[in-house]
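For reference, the structure discussed in these notes is given below.
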Amino acid sequence: MIVNEKEIIMIEPDNWHVHPREGWLMPLVIETLIRYGWRSRIVAMGNTKDLIKTGPEAKAYQNKILEIAQQIPGGDHFEPIVAIVVNKHSTVDIIREAVDMGFVTFKLYPKNMTTNSEHGIETSEYMDICRMFEKAKVMTRRLHHGESPNLNVKGIRKEKAYHDIFRLFTANLDGEDVFEHITDADTVEFVKSFPVGRVGATITVHHMLLTQDHILGYHPASKFLMQPHWHNKPTPKFEEDRRALINAATSGDPHFFCGNDDAFHPVSAKECEDVCAGCANTLAALPLLLDIFITAGKTENTEKFCCHNGADFYGYKRNTRTIKILFERSKIASMLYNPAYPFPVDDSSMQVKPFMAGQEVPFTVEYNT
Ligand SMILES: [Zn+2]
């Protein structure tokens with residue numbers, strides 16, 4: 001990484017947790033990723049409305065993403081790694097077929113805990129899922145949305161309650177397990193207790209910036225009003241947890257890598273009675289990450305977290321292409337629109353409000369392909 005007065009030149013970052021979605025949102029997500037610096041590898045989560053449940057479905061989804069990316073300047077080397085959703089309907093044969101096709105990454109969603117997880121896993125079903133992987137006798141990687149689906153466990157405690165479920169997989173299986181989008185200081189220590197390379201964790205940029213108080217309207221940054229566009233799951237926790245996440249990410253510890261959980265929803269699904277969880281953080285993510293690392297005095301670890309640790313964990317070659325970020329403030333768009341209407345449309349089901357909408361961030365990601 002080269003830092004001078006005007007600019008930062010760094011290795012292109014990977015993003016190990018993204019929701020490319022479907023329909024009109026899909027080209028918008030992919031174009032935004034490529035435009036704002038995330039033009040390398042992503043893990044594409046398969047919780048689309050029609051879940052991605054098999055190898056052939058993963059292949060079709062990957063092709064669709066690539067087709068869109070290749071039409072976008074800078075998208076020529078975009079590499080989506082699709083995470084196949086497993087639930088009680090998954091079988092040993094499905095797992096083997098997917099692995100044969102080169103799809104070794106599987107996503108476990110706890111039932112009803114987030115977007116499109118109605119067919120997710122119940123507490124009592126995790127053991128069977130684990131046995132299925134064991135019987136498949138193929139090398140797999142499991143990505144966990146780490147929240148207990150048990151309705152008796154309060155939302156704020158769901159991540160910690162998942163530790164025991166996670167241990168089922170680490171105790172009985174080979175391969176890798178990833179604790180996705182961790183939010184809790186105890187989970188940071190939990191992940192660290194496993195050997196490097198066996199267990200990893202993604203950390204999102206918004207979990208390093210938000211707490212419960214930001215979302216519920218107790219923090220000055222919220223203007224003391226509830227912030228639906230900041231609402232995401234697992235819900236951000238307390239200040240000490242936020243600090244622990246920043247320390248973990250900026251330490252360079254190889255257990256932790258960047259996965260921003262870019263989760264676009266139309267404004268109509270965020271400003272309503274039944275508010276969906278997720279932040280459209282793609283535009284602001286890289287400037288905010290740089291700001292976090294520089295403020296922590298850990299600039300030298302930025303590439304470990306954003307570029308090296310994930311690639312090493314996943315067994316991919318480290319990127320060599322670089323990206324330029326200017327020390328120039330930029331303003332995040334106040335609204336994104338359905339790309340079929342490349343002009344403002346007054347229809348909230350066709351709009352997405354980005355994280356930090358209309359606000360300034362301290363850097364500008366160069367895009368001059
Ligand atoms: Zn996610």
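Taken together, the values in this text are just the output of simple stated rules run on the coordinates, not laboratory data. Source: prediction; values computed, not measured. Note that we place each Cβ from the backbone using ideal geometry, even for glycine, and neighbour counts take in every protein chain shown.
Details
- Projecting label points 7 angstrom from Cα along Cα→Cβ for S193 and N112 puts them 2.9 nm apart.
- Cut-off 16 Å, label 7 Å out along Cα→Cβ of E240, residues of region 162-191 by amide N: 183-190
- Spatially proximal aspartates and glutamates relative to K324 (Cα-Cα < 17 Å; intrachain offsets below 8 disregarded): E5, E7, E12, D14, D291, E300, E303, E366
- log₁₀ of I(q)/I(0) at q = 0.11, 0.16, 0.19, 0.22 Å⁻¹ - region 99-232, Debye sum with one point per alpha carbon: -0.44, -0.87, -1.15, -1.41
- Check: region 13-320 dipole with +1 on Lys, Arg Cβ and -1 on Asp, Glu Cβ, in debye: 180 debye
- For the Cα trace of region 207-297, dividing Rg by the Kirkwood Rh returns an Rg/Rh value of 0.98.
- Over all pairs of different C-alpha atoms in region 72-159, the reciprocal of the mean inverse distance, the Kirkwood hydrodynamic radius, equals 14.3 Å.
- For region 287-345, convex hull of alpha carbons as volume per residue, Å³: 157 Å³
- Relative contact order of region 125-259, defined on C-alpha pairs under 8 angstrom at six or more residues apart (%): 24 percent
- Antiparallel content of DSSP bridges confined to the chain, in %, to 5: 30 percent
- Under the combined filter of DSSP loop state and at most 12 neighbouring Cβ atoms within 10 Å, region 1-88 retains these GluC sites (Glu not before Pro): E5.
- The trypsin sites (Lys or Arg not before Pro) of region 168-250 that meet both conditions, a loop assignment by DSSP and at most 10 other Cβ atoms within 10 Å of the site Cβ, are K223.
- Loop-located chymotrypsin sites (Phe, Trp or Tyr not before Pro) in region 211-310 (DSSP state not H, G, I, E or B) with no more than 10 neighbouring Cβ atoms inside 10 Å do not occur.
- Per-residue Cβ neighbour counts within 10 Å put E240, E180 in the sequence E240, E180, beginning with the fewest.
- Cβ-based exposure ranking for V43, V361, in which fewest neighbours within 10 Å come first: V361, V43
- Exposure proxy ranking, count of Cβ atoms within 10 Å, fewest first, for K49, K270: K49, K270
- Since only L245, A221, V191 are under comparison, the one whose Cα sits farthest along the positive direction of the charge dipole of the chain, derived from C-beta charges on Lys, Arg, Asp and Glu, is V191.
- For region 267-369, diffusion coefficient by Stokes-Einstein and Kirkwood Rh (Cα), 25 °C, 0.890 mPa s, µm²/s: 153 µm²/s
- Cα-based reach from K233 at 16 Å (exclusive), listing lysines while leaving out same-chain residues under 8 positions away: K107, K111, K154, K158, K160, K270
- Rg/Rh ratio calculated on Cα atoms of the chain (Kirkwood radius): 0.94
- FRET efficiency for the T91 to K154 pair, using the beta carbon distance and R₀ = 41 Å, is estimated at 0.75.
- Principal axis analysis of the Cα atoms in region 93-132 yields extents of 30, 22, 12 Å, listed in decreasing size.
- Label point distance in nm, D174-D291, each placed 7 Å from Cα along Cα→Cβ: 4.6 nm
- Relative contact order for region 13-320, counting Cα pairs under 8 Å that sit 6 or more residues apart, in percent: 17 percent
- Difference of contour (0.36 nm per residue) and Cα-Cα distance, Q359 to D186: 59.0 nm
- 17 Å reach of a label modelled at Q71, 7 Å along Cα-to-Cβ, counting backbone N of region 309-341: 337-341
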